[in-house]
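K.L.:
Submitted below is the structure of interest, expressed as structure tokens.
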Amino acid sequence: MNTLAHLFIFPLKQRIAILASGAGSNARGIIAHFKKSESIEIGLIVSNNREAGVLQIGKENQIPTFILTKDHFIESSAFLDELHKANISFIVLAGFLWRVPKSLVLAYPNAIVNIHPALLPKYGGKGMYGHFVHEAVHANNETESGITVHFVNEHYDEGNIIFQERVALDNTDTPLTIEQKVRALELEHYATVIENILNDRQ
Ligand code: GAR
């Protein structure tokens, strides 16, 4: 079979790199969602933290992993080379704590997304991640929280918003129950939002 016929029968999949710094529950959900996809696959799991649970999840799913250093990320083209070698066309941040450098934003225009565990523009910016977000939401007696999926630019949590979903809070909620409610929304929606974006790009 020639290459053209092969491509027609087996079109190239869009390949995602997931960047994560922690346990990786979102990454696990996204991997499971695309496991049987004929058009999208997870090609690389990347972490800045050697101890991150997400690396184990990558290994369990036979997905190549890559440990990022500040030098790779900010000062050299090593990371971009790695992404190109793995044919990555889309980048998903899932609990990734470093700010994305402008060079990466320019190399992947409108092709990097992040999930934030609150309703941006509230509770975003440097230092606002994970439990810090839920503690702040609780301290302010908010009556709702939620999730925001947005395109990534070189500023923390400031790119165009793609999707939000809300959840009601009441005065019995604690930072922990807020986190649980928000986590449930993340696992319900993030992979589908990514799939919709990628299908629109085809
Ligand atoms: C998620 O709740 C994600 O929204 C949040 O970190 C958690 C990672 O959990 N991201 C941020 O706070 C980014 N500012 P996970 O590693 O289990 O997916």
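The values are calculated or read from the model by the stated rules, or taken from the named source; none is laboratory data. Remember, it's a predicted structure, so these values are computed and weren't measured experimentally. Note: ideal-geometry Cβ built from the backbone for every residue, glycine included; neighbour counts use all protein chains shown.
Here is a yes/no grid of residues against (1) assigned to a helix (DSSP H, G or I); (2) surrounded by fewer than 18 Cβ atoms within 10 Å (Cβ to Cβ); (3) at positive phi; (4) β-branched (Val, Ile, Thr):
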position: LEU83; (1), (2), (3), (4): yes, no, no, no
position: ARG99; (1), (2), (3), (4): no, yes, no, no
position: PRO121; (1), (2), (3), (4): no, yes, no, no
position: GLU135; (1), (2), (3), (4): yes, yes, no, no
position: HIS150; (1), (2), (3), (4): no, no, no, no
position: TYR156; (1), (2), (3), (4): no, no, no, no
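K.L.:
Are any residues in the stretch 111-143 over 20 Å from ILE178 (Cα atoms) and at pLDDT 95 or above, and if so, which ones?
P.N.:
Result: ALA111, ILE112, VAL113.
K.L.:
If you go through the stretch 31-55 one residue at a time, how many are part of a helix (DSSP H, G or I), within 13 Å of the ligand (Cβ to nearest atom) and within 21 Å of HIS84 (Cα to Cα)?
P.N.:
Total meeting the criteria: 2.
K.L.:
Ok, one more. Tell me which residues, restricted to the stretch 56-71, are assigned to a loop (DSSP other than H, G, I, E, B) and of a type in the set (A, V, I, L, M, F, W, C).
P.N.:
Those that are assigned to a loop (DSSP other than H, G, I, E, B) and of a type in the set (A, V, I, L, M, F, W, C): ILE63, LEU68.
K.L.:
Are any residues in the stretch 85-97 among the hydrophobic types (A, V, I, L, M, F, W, C), within 16 Å of the ligand (Cβ to nearest atom) and buried (at least 19 other Cβ atoms within 10 Å of the Cβ), and if so, which ones?
P.N.:
Residues satisfying the conditions are ILE91, VAL92, LEU93, ALA94, PHE96.
K.L.:
Quick check on my filter: what residues within the stretch 106-119 are within 22 Å of SER77 (Cα to Cα) and either of a type in the set (D, E, K, R) or not in a strand (DSSP E or B) (or both)?
P.N.:
Across the stretch 106-119, the qualifying residues are LEU106, ALA107, TYR108, PRO109, ASN110, ALA111.
K.L.:
Quick one: SER103 ticks every box in (1) in a loop (DSSP other than H, G, I, E, B); (2) hydroxyl-bearing (Ser, Thr, Tyr); (3) away from the ligand (no atom under 14 Å from the Cβ); (4) surrounded by 14 or more Cβ atoms within 10 Å (Cβ to Cβ) bar one, so which box is it?
P.N.:
Of (1) in a loop (DSSP other than H, G, I, E, B); (2) hydroxyl-bearing (Ser, Thr, Tyr); (3) away from the ligand (no atom under 14 Å from the Cβ); (4) surrounded by 14 or more Cβ atoms within 10 Å (Cβ to Cβ), only one is false for SER103: (1).
K.L.:
Which numbered condition trips up ILE115, out of (1) touching a residue at least 40 places away in the same chain (Cβ under 8 Å); (2) among the aliphatic types (A, V, I, L, M); (3) out of contact with any Phe, Trp or Tyr (no Cβ under 7 Å at 6 or more places or on another chain); (4) within 16 Å of the ligand (Cβ to nearest atom)?
P.N.:
Only one criterion in (1) touching a residue at least 40 places away in the same chain (Cβ under 8 Å); (2) among the aliphatic types (A, V, I, L, M); (3) out of contact with any Phe, Trp or Tyr (no Cβ under 7 Å at 6 or more places or on another chain); (4) within 16 Å of the ligand (Cβ to nearest atom) is unmet by ILE115, namely (3).
K.L.:
Right, next: Identify, by number, the condition in (1) away from the ligand (no atom under 11 Å from the Cβ); (2) more than 15 Å from the chain's Cα centre (by Cα) that ILE162 doesn't meet.
P.N.:
For ILE162, the exception is condition (2).
K.L.:
When you scan the stretch 139-153, do you find a residue that is in contact with an Asp or Glu (Cβ under 6 Å, 6 or more places away or on another chain) and within 15 Å of the ligand (Cβ to nearest atom), even just one?
P.N.:
For the stretch 139-153, residues in contact with an Asp or Glu (Cβ under 6 Å, 6 or more places away or on another chain) and within 15 Å of the ligand (Cβ to nearest atom): present.
K.L.:
Shifting gears a bit: Consider only pairs whose beta carbons are under 6 Å apart and that are at least six residues apart or on different chains; among these, list those whose first residue lies in the stretch 49-77 and is buried (at least 16 other Cβ atoms within 10 Å of the Cβ) and whose second residue is acidic (Asp, Glu).
P.N.:
The qualifying pairs are PHE66/GLU82.
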